[in-house]
């Protein structure tokens, strides 16, 4: 099972923890507040665009997905295998000035 599938399963089972940093970023997003349901929707079709295998205490990944309304979101999420828990580290709407197709960073 891929990491994005595992994360989707955690969201379906309500086994998700949002860090204080993620909550703050969601509230202060410059393109408009991001709500939990939008994060869930974006994980339904998310793809991994970057992996951070050396992150501690758990490896994490940057996911890109769109809400049902088409809003693009980036979600940095880690997975605790011991707790079967997705940990949302941060969430933001990617700036098209800094991303190519929301998948690759502009140089």
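Tabulated data for the structure shown
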| read-out | value |
| --- | --- |
| Answer residue from the range 1-25, given it is loosely packed, with under 14 Cβ neighbours inside 10 Å and either within 12 Å of the chain's Cα centre (by Cα) or at pLDDT 95 or above (or both) and is nearest to residue 76 (Cα to Cα) among those | 21 |
| Close pairs from the range 1-12: first under 16 Å from residue 82 (Cα atoms), partner assigned to a helix (DSSP H, G or I) and modelled with pLDDT of 80 or more, Cβ under 7 Å, at least 6 apart | 7/43 |
| Given (1) free of Cβ contacts under 8 Å to residues at least 40 places away in the same chain; (2) out of contact with any helix residue (DSSP H, G or I) (no Cβ under 8 Å at 6 or more places or on another chain); (3) at negative phi, index of the condition residue 70 fails | (3) |
| Which numbered condition residue 58 fails, given (1) assigned to a loop (DSSP other than H, G, I, E, B); (2) loosely packed, with under 13 Cβ neighbours inside 10 Å | (2) |
| Boolean, residue 71 is within 20 Å of residue 103 (Cβ to Cβ), out of contact with any strand residue (DSSP E or B) (no Cβ under 9 Å at 6 or more places or on another chain), at pLDDT 95 or above and surrounded by 12 or more Cβ atoms within 10 Å (Cβ to Cβ) | yes |
| Search result, residues across the range 74-107 that are at negative phi and out of contact with any strand residue (DSSP E or B) (no Cβ under 8 Å at 6 or more places or on another chain) | 81, 82, 83, 95, 96, 97, 100, 107 |
| Flag if residue 39 is in a helix (DSSP H, G or I), under 18 Å from residue 94 (Cα atoms) and in contact with a helix residue (DSSP H, G or I) (Cβ under 8 Å, 6 or more places away or on another chain) | yes |
| Any chance residue 28 is touching a strand residue (DSSP E or B) at 6+ places or on another chain (Cβ under 7 Å) and at pLDDT 90 or above | no |
| Pair list, Cβ under 6 Å, 6 or more apart: the range 84-105 residue free of Cβ contacts under 8 Å to residues at least 24 places away in the same chain, other residue loosely packed, with under 11 Cβ neighbours inside 10 Å | 98/106; 100/106 |
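The values are calculated or read from the model by the stated rules, or taken from the named source; none is laboratory data. Everything quoted here is computed from the prediction, not taken from an experiment. Backbone-built Cβ (ideal geometry, glycine too); neighbour counts: all protein chains shown.
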